[in-house]
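Below is one structure, written out as structure tokens, with a few remarks after it.
The values are calculated or read from the model by the stated rules, or taken from the named source; none is laboratory data. For clarity, every value in this text was computed on a predicted model and none was experimentally measured. Reconstructed Cβ throughout: ideal geometry from the backbone, glycine too, with neighbour counts over all protein chains shown.
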Amino acid sequence: MTDFKPEEKYRHLSKFGDMLIQCIACGDCREATDYTSNPQKWGVCVAREHTPGFEPFFARGKMQIIRSLWQGKLELSKDMAEVIYQCPTCNACAETCAYDIDNALIYEALRAELVDAGCGLEAHVPMNRAMVELFNPYQRNNTEKGEWIKELDFSIKNAIMEKADVLYFVGCTAALTPKIKTVAFNTARVLQKLGVDFAVFGEHEICCGSVAKRTGDLKAFNTIAEKNLELFKKSGIKTIVTSCAGCFRTLKLDYQEFFKDLDIEVRHSVEFIYEMIKQKNIPLKHLGITTTYHDPCHAGRHIGIYEEPRELLKKFSTLQEMKTIKQNAKCCGAGGGVKKAFPDLALEIAKSRVEEARETGAEFLVSICPFCFRNLNDAINAINSSMKMKDLLELLNEALE
């Protein structure tokens, strides 16, 4: 195959060049050392732990598949997709890699190749189609995104018609999922209590496109990103605050190309609010509760937000850390399209994380991602745990005098 040119055949993978063949198959990605508590090694690849456990289900195997594709020894197939998509792209493997390989970026590029070749998962098609046609992946009427606002006891600016310093980008999960609307309610209440001049798009808010990006449907993602760019330009917004880790990662990193000519800053609500509380020395009431914190992959490993949520929790609760935290935290299992295509796998991974949380003896499992909230709460209910799932902003709203 002397005339084989992988960079021409695999246009998505070709963007990562030498990184594709850097893996030396050492296997360090099987586990990581948590130096924050003790030198014992904790396994962090949740896909390896909860799938059949063969090489293709964790980083080393997937990287060898990619190498073989690049060398013309393998072809894309639906069978390959069934394995590649059983990974929440949490990027724990990248944290342990001595060669600075960004595994999640490469896996997403491979998924884009699979989709272009007609080998993507059928389970993701309706989700991504709805995202483009209805502006949300839940196949709901997008006007429902404005319903939660009506339940507030104060008014919020409409970003379509009114100028504000900050755009609160709610995200589809918090805006459309009944049990998780508490994230939207409490984020808005905290911003209002702190005197932030903010607005929302409400029923006009368009999905950030994260689900399409993670599952390899780049045509859908680019379509949505362009629509959002137009909306952001019209609003004249300069600061976007979001309470969803998935929206945060997508808008902050995946929109860089779209934002290159715009002066737009993207912040997670927790880092934004933490800085305001710290600068203004705003007191928080201790709630007399014990909490443990789950690091969402998109806010943690993908961006690096670890300390701000913990500092806030320490101000109003007793924080009990789990065995795997921060860079080595186990994923909840919902990301990367796993929740949609492999719901049983997503639930089993979440159960494992909840069991780890229960070992701390904490009353509340806390996170800063509606998607983690949803999957971990499903696991809490599945195992009949007495632990309660909370978004950090709900507790923070209670602690603000």
query: Of the residues Ala199, Ala245, Ala188, Ala212, which is modelled with pLDDT of 95 or more, of a type outside the set (Phe, Trp, Tyr) and surrounded by fewer than 23 Cβ atoms within 10 Å (Cβ to Cβ)?
result: Ala199
- prompt: How many residues does the stretch 35-47 contain that are of a type outside the set (Val, Ile, Thr) and either at pLDDT 80 or above or in contact with a Pro (Cβ under 6 Å, 6 or more places away or on another chain) (or both)?
  reply: 2
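For every residue, the table says whether it meets (1) touching a Phe, Trp or Tyr at 6+ places or on another chain (Cβ under 7 Å); (2) of a type in the set (Phe, Trp, Tyr); (3) closer than 25 Å to Cys87 by Cβ; (4) buried (at least 20 other Cβ atoms within 10 Å of the Cβ).
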{"residue": "Tyr293", "(1), (2), (3), (4)": "no, yes, yes, yes"}
{"residue": "Ala299", "(1), (2), (3), (4)": "yes, no, yes, yes"}
{"residue": "Lys315", "(1), (2), (3), (4)": "no, no, no, no"}
{"residue": "Gly336", "(1), (2), (3), (4)": "no, no, yes, yes"}
{"residue": "Ala350", "(1), (2), (3), (4)": "no, no, yes, yes"}
{"residue": "Ala357", "(1), (2), (3), (4)": "no, no, yes, yes"}
{"residue": "Val366", "(1), (2), (3), (4)": "yes, no, no, yes"}
{"residue": "Arg374", "(1), (2), (3), (4)": "no, no, yes, yes"}
{"residue": "Asn384", "(1), (2), (3), (4)": "no, no, no, no"}
task: Check Lys323, Lys390 and return the single one that is surrounded by fewer than 24 Cβ atoms within 10 Å (Cβ to Cβ), under 17 Å from the mean Cα position of the chain (by Cα) and not assigned by TED's automatic domain parsing to the domain that holds Val183.
output: Lys390
message: Which condition from (1) out of contact with any Lys or Arg (no Cβ under 8 Å at 6 or more places or on another chain); (2) at pLDDT below 95 is the one that Tyr138 breaks?
response: (2)
query: Is it true that Ile149 is aliphatic (A, V, I, L, M) and assigned to a helix (DSSP H, G or I)?
result: yes
task: Being part of a loop (DSSP other than H, G, I, E, B), surrounded by fewer than 23 Cβ atoms within 10 Å (Cβ to Cβ) and either over 16 Å from the mean Cα position of the chain (by Cα) or without any contact (Cβ under 8 Å) to a residue 12 or more places away in the chain (or both) narrows it down to one of Glu95, Glu75, Glu82, so name that one.
output: Glu75
field: The one condition in (1) surrounded by fewer than 14 Cβ atoms within 10 Å (Cβ to Cβ); (2) over 23 Å from the mean Cα position of the chain (by Cα) that Ser235 fails to fulfil
entry: (1)
- line: When Ala81 is run through (1) out of contact with any strand residue (DSSP E or B) (no Cβ under 7 Å at 6 or more places or on another chain); (2) hydrophobic (A, V, I, L, M, F, W, C); (3) over 16 Å from Ala341 (Cβ atoms), the failure sits at (3)
